[in-house]
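Below is one structure; the comments refer to it alone.
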Amino acid sequence: MSVLVVGASGAVGGLVVAGLLERGERVRATSRDPRKLSLPDEVDVLRADLNDPASFAPAAEGVDRVFLYADLDDPDPLIARLVRSGVKHVVLLSSASVTYPGAESDFNGSRFLRIERAVEASGLDHTFLRPGGFASNAARWSWSVKGRSAVPLPYPDAVQVPIHEADIADVAVVALTGDALLNAKPVLTGPERLTLREQVATIGSVIGRLVSVIEQTEAESAAMLSQFVPEVWVRQIITDWREAVGATPEVSDEYTRITGRPSRTFRTWVTDNADLFR
Ligand SMILES: NC(=O)c1ccc[n+]([C@@H]2O[C@H](COP(=O)([O-])OP(=O)(O)OC[C@H]3O[C@@H](n4cnc5c(N)ncnc54)[C@H](OP(=O)(O)O)[C@@H]3O)[C@@H](O)[C@H]2O)c1
């Protein structure tokens, strides 16, 4: 049987494919546009769209485990399709936002909860990976670091625990290759609390150049962010920053418990992606 990785073009999905191949697994990978995938010949590549369950008739054939992004509108037809195809275990890239107070009514928490609940209701074995904010969110700063050696921010003292996408992929690979995480819902974070200001300073330190923070208003920040992300996300990001000023978000040790290794630091993420900022 193969493992199906849906969204192999994604930062996490691509690393899940690589981790499974390292473990000698037979891998099938999908994208809505497979032409953009560049994977070893041994990977079986197919087109599939989470919002078009019929596209999973060929993609899920002969597959017993699936890695899934939660970016879909109606989970039930897709999950029914996976069950009919004989899939046994779904590993879903969810979000820590499902654990926050008010998740049911929150835009971000509720969209992941809906998918988690549909998977649970199906009776499929499942693992819900619940990461907090990604270190890769800092990639949005690349142009201002490159152009101005400065990052405009409305709430530079917002505290986060940024996680390297490779840590999420490592846990996904553990979940997909054994029973250790059957029906588990690990909350995953990076190893340390960092303000946005400290993250900007880390980027400067890694690229060997002073990078400063320019304080901006929420309106200025919204105008800037809307060049990169949809409006609904702009509001969510700014609200999250505002609420994270002076906060002490949870630092999870689940990554180490599951893999036996220390979590990758934000500095490691910046080092791995330094060309974004040079
Ligand atoms: N950024 C954060 O702080 C944060 C925190 C918690 C959770 N998350 C969640 O983590 C995910 C982002 O992870 P990432 O950085 O690895 O993403 P990414 O690099 O942006 O890749 C997203 C992947 O999702 C796939 N995808 C999206 N819609 C799809 C659809 N309709 N059908 C099939 N595949 C679809 C894409 O595949 P194709 O385009 O190739 O089809 C792509 O491979 C999102 O779901 C996000 O909500 C993010």
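Observations on the model:
- Sites listed here are GluC sites (Glu not before Pro) in the stretch 1-99 whose DSSP assignment is loop and whose Cβ has at most 10 other Cβ atoms within 10 Å: 42.
- Highest mobility in the GNM of the chain, judged by mean-square fluctuation with C-alpha springs under 10 Å and restricted to 20, 210, 196, is found for 210.
- Largest-first principal axis extents, alpha carbons of the stretch 155-278, Å: 48, 35, 27
- Distance cut-off 23 Å, percentage of C-alpha pairs in the chain lying past it: 56
- Computed over every Cα-Cα pair of the stretch 14-163 and binned at 10 Å starting from 0, the pair-distance distribution P(r) comes out as 10, 32, 32, 19, 7, 0 percent.
- Loop GluC sites (Glu not before Pro), the stretch 98-202 (other Cβ atoms within 10 Å of the site Cβ: 13 or fewer; DSSP): 104
- Residues whose amide H comes within less than 5 Å of that of residue 134, counting only those at least five positions distant or on another chain, are 163 (H built at 1.01 Å from N in the peptide plane).
- Listed residues 258, 214, 79, most fluctuating in the chain (Gaussian network, C-alpha, under 10 Å): 214
- Within the stretch 55-108, none of the trypsin sites (Lys or Arg not before Pro) combine a DSSP coil assignment with at most 10 other C-beta atoms in a 10 angstrom radius.
- Around the Cα centre of the chain, unit charges on the Cβ atoms of Lys, Arg, Asp and Glu (plus for the first two, minus for the last two) sum to a dipole of about 500 debye.
- Highest-MSF residue in the chain out of 172, 18, 223 [GNM, Cα springs under 10 Å]: 223
- Count Lys and Arg as plus one, Asp and Glu as minus one, and take only other residues whose Cβ is under 14 Å from that of residue 243; the net charge is then -2.
- A quarter of the convex hull surface defined by the alpha-carbon atoms of the stretch 79-173 gives 8.4 nm² as the mean projection.
- Cα gyration tensor shape for the stretch 170-234, rounded if a/c is under 1.5, else prolate or oblate: oblate
- On the principal axes of its alpha carbon atoms, the stretch 213-263 extends 43, 24, 20 Å, with the longest extent given first.
Read the figures in this text as sums done on the coordinates, not as results from a lab. In this text the structure is predicted, and so the values were computed from the model without any measurement. Every residue, glycine as well, gets a Cβ built from its backbone with ideal geometry; the counts of neighbours run over all protein chains shown.
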